[in-house]
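Heads up, the thing below is written out as structure tokens.
The values are calculated or read from the model by the stated rules, or taken from the named source; none is laboratory data. Please read all numbers here as calculations on a predicted model, not as lab measurements. We place every Cβ from the backbone using ideal geometry, glycine too, and count neighbours over all the protein chains shown.
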Amino acid sequence: ADGDPWWRGAVIYQVYPRSFADGGGDGVGDIAGIRAHLDHLSALGVDAIWLSPWYPSPMADAGYDVSDYRDIDPIFGTLAEAEALIEEAHAANIRIIVDVVPNHCSDAHPWFQAALAGGPDAPERDLFWFRPGRGPNGDEPPNNWRSEFGGGTWTRTTNPDGTPGDWYLHLFSPEQPDLNWDHPKVRAEFESILRFWLDRGVDGVRIDSAALLLKHPALPDHHDDRPSPYVDLDEVHDVYRSWRRITDGYPGDRILIGEVWLPDTRRFADYLRPDELHTAFNFEFLGCAWDPDLLRACVDATLEAHALVGAPATWVLSNHDVTRHVTRYGRADTTFSFAKKRQGVVTDLELGTRRARAGALLTLSLPGATYVYQGEELGLWEVEDIPEALRQDPMWARSGHGRDGCRVPLPWSGDAAPFGFSPAGATSPPWLPQPADWKDRTVQAQTGDPHSMLELYRDAIRIRRTEPSLGDGTLRWLPAPDGVLAFARDPGFACVVNLSTGSVVLPEHRSCLLASGPLDGELLPPDTAVWLRID
Ligand code: TEU
């Protein structure tokens, strides 16, 4: 609603820098590419962009392994270019969110290098979790924790004299050692990093793996029937209270966005108390099946939990870690989970696209903020046939599935790869191969085509910007036939989504503002959504 801080009802677009646009011609996206395509984001009408990490990194986990939090990796550009991007985006009324990764750093970070080089007594070891191994020779890991990427969470070090040494903890890959958030130096360093980027004018930060920072100091074994020794410890909230104090000290509504994966919506909402994070991604919604009852229950639970703490809800259908909409919704099992992300599952892309279009109208009309991952506005599908030799994600090796399929470089124009992703005369092909069929999904091919995914997103966001009932607020469910979600946003707006298998009669309305697919007179076909003007 008018007068609310911008972020409560924002549309935030996730830029995955290495796959957005390549200005330099090396096949990897960069800041020059983002600057050259700000017009796409303006035409889409988004309020802000969140950039996945762009810091110096050995890229063991695509930049989520940071070796210097205060600079830009040369493959993406320079700090001066980042500052220019912030300025140009602001001039275009687009805010900038950067991604901060506090749970772990890169094994190439100077702290970790000093911890290794200094041997068992190096003071830098206290900044991480170094422990002797178990067993008679210390050759078993200190506990039984399992990595988020598959495999164990401990790697043994070798002492400077060549003897086997202590182990260190990594919840993700071995190249991402976990920082010790009980250490005041770690806290002070990240407060300084936060100020560094706020001083450069960013409008907010996205906090990676936000619920994982604190570990039970005894590092006890994990047991399924006991609280996790590292997920969502109560003490983690102190960190965000101090970050909030810092952020509030800056002018102009800067925000903290948490990546908080927690199935318990109330524990999740605790992160959004008025003195903590402003907002956090709604992963329950992302994981929800294309099912009317489950979606409705998820919307209700979300709104209820957020109301407890006065925070706006967020609606997220994807990001750089999960299967793209049109693929996920084109399968028999539409829920998301990493284990299901496998080859060989039958996908009906036409059905998936219909649902993804309806899903776009659903998410863009629910109360709160919406996140759009780059490429979803083009209806890109998950690329599942990337040759093994070209795969980059460390998850493949550790768990047999990976996230490359949603990270393939965007198609901008033209009839063949690199589809305008890289400039003419580029020295390398795009870092992941683009499907030839993406010639129909380029920004250029879709622009001006009223049936395209891109024009649907543009229309929806344009209407959302001018429609006072959209953005943050409340919803009122309307009576509807089985399998149909219908809600009003007062005053005068309704969204109806048909998730049943037959056509249904539209509720009484004054006019139709937008439809995700063709209507059949007054009938709304299956897997179709409409926005209506009602009295
Ligand atoms: O992801 C954190 C995370 O816990 C989930 O995304 C998930 O567990 C993981 O993707 C696989 O199970 C964030 C980033 O979004 C992701 O890209 C990084 O790899 C990860 O942190 C480590 O920094």
The stretch 60-78, residues that are touching a residue at least 60 places away in the same chain (Cβ under 8 Å) and of a type in the set (A, V, I, L, M) = A60, A62
Considering only the stretch 246-263, state which residues are more than 22 Å from Q14 (Cβ to Cβ) and either buried (at least 21 other Cβ atoms within 10 Å of the Cβ) or touching an Asp or Glu at 6+ places or on another chain (Cβ under 8 Å) (or both).
-> I246, P263
Please tell me if A188 is assigned to a helix (DSSP H, G or I) and under 30 Å from R131 (Cα atoms).
-> yes
Can you spot a residue in the stretch 98-112 that is surrounded by fewer than 16 Cβ atoms within 10 Å (Cβ to Cβ) and either basic (K, R) or modelled with pLDDT under 95 (or both)?
-> no
Could you list, in sequence order, the residues of the stretch 188-218 that are more than 15 Å from the ligand (Cβ to nearest atom), closer than 28 Å to A91 by Cβ and touching a residue at least 40 places away in the same chain (Cβ under 8 Å)?
-> I193, L194, R195, F196, W197, L198, R200, G201, V202, D203, G204
From the list A115, A89, which one is assigned by TED's automatic domain parsing to the domain that holds D393 and either under 32 Å from the mean Cα position of the chain (by Cα) or within 25 Å of S228 (Cα to Cα) (or both)?
-> A89
Residue in the stretch 406-416 that is within 16 Å of the ligand (Cβ to nearest atom), assigned by TED's automatic domain parsing to the domain that holds R324, crowded, with 19+ Cβ neighbours inside 10 Å and under 27 Å from G258 (Cβ atoms) present | yes
Only unsatisfied item for C298, checking (1) more than 16 Å from the ligand (Cβ to nearest atom); (2) within 20 Å of V383 (Cβ to Cβ); (3) among the hydrophobic types (A, V, I, L, M, F, W, C); (4) not in a loop (DSSP other than H, G, I, E, B), is (2)
Within the stretch 216-236, the count of residues that are more than 16 Å from R134 (Cβ to Cβ) and assigned to a loop (DSSP other than H, G, I, E, B) comes to 14
(1) within 16 Å of the ligand (Cβ to nearest atom); (2) touching an Asp or Glu at 6+ places or on another chain (Cβ under 6 Å); (3) small (G, A, S) all hold for A115 apart from (1)
Residue ID - surrounded by the most Cβ atoms within 10 Å (Cβ to Cβ), chosen from residues in the stretch 38-60 that are more than 15 Å from D73 (Cβ to Cβ) and more than 20 Å from the chain's Cα centre (by Cα) | A43
Is the stretch 349-359 home to any residue that is at pLDDT 95 or above, under 19 Å from the mean Cα position of the chain (by Cα) and either in a loop (DSSP other than H, G, I, E, B) or more than 16 Å from the ligand (Cβ to nearest atom) (or both)?
-> yes
Do we have E235 as surrounded by 16 or more Cβ atoms within 10 Å (Cβ to Cβ) and over 19 Å from the mean Cα position of the chain (by Cα) here?
-> no
Residue check for L364: within 17 Å of the chain's Cα centre (by Cα) and under 23 Å from P525 (Cβ atoms) | yes
Report whether or not T427 is surrounded by fewer than 17 Cβ atoms within 10 Å (Cβ to Cβ) and in contact (Cβ under 8 Å) with a residue 40 or more places away in the chain.
-> yes
Residues of the stretch 155-179 being part of a loop (DSSP other than H, G, I, E, B) and either of a type outside the set (G, A, S) or buried (at least 16 other Cβ atoms within 10 Å of the Cβ) (or both), which ones?
-> N159, P160, D161, T163, H170, L171, F172, S173, P174, E175, Q176, P177
Output for Cβ contacts, cut-off 7 Å, separation at least six or different chains, first residue assigned by TED's automatic domain parsing to the domain that holds A80 and on the phi > 0 side of the Ramachandran plot in the stretch 30-46, second assigned to a helix (DSSP H, G or I) and modelled with pLDDT of 95 or more, reads G45/R458; G45/I461; G45/R462; G45/R465
Which one is surrounded by the fewest Cβ atoms within 10 Å (Cβ to Cβ) among residues in the stretch 61-97 that are among the hydrophobic types (A, V, I, L, M, F, W, C) and more than 21 Å from V46 (Cβ to Cβ)?
-> A80
Of the residues L432, L485, L470, which single one is touching a Lys or Arg at 6+ places or on another chain (Cβ under 7 Å) and assigned to a strand (DSSP E or B)?
-> L485
Of (1) more than 16 Å from the ligand (Cβ to nearest atom); (2) under 22 Å from T247 (Cβ atoms), D99 satisfies all except one. Which?
-> (1)
Residue pairs within 8 Å by beta carbon, gap of at least six or interchain, first lying in the stretch 145-166 and without any contact (Cβ under 8 Å) to a residue 12 or more places away in the chain, second within 16 Å of the ligand (Cβ to nearest atom) and of a type outside the set (K, R), listed first then second, are G152/W145
Give the stretch 121-150 a look and list any residue that's exposed (fewer than 15 other Cβ atoms within 10 Å of the Cβ) and part of a loop (DSSP other than H, G, I, E, B), or say none.
-> D121, P132, G135, P136, N137, D139, N144
Residue under evaluation D182, criteria (1) in a loop (DSSP other than H, G, I, E, B); (2) touching a Pro at 6+ places or on another chain (Cβ under 7 Å); (3) buried (at least 16 other Cβ atoms within 10 Å of the Cβ), criterion not met | (3)
Subset of the stretch 286-300, residues under 19 Å from G502 (Cα atoms) and within 19 Å of the chain's Cα centre (by Cα), comes to A289
Lone unmet requirement of (1) within 16 Å of the ligand (Cβ to nearest atom); (2) farther than 21 Å from G471 by Cα; (3) modelled with pLDDT of 95 or more for F336 = (3)
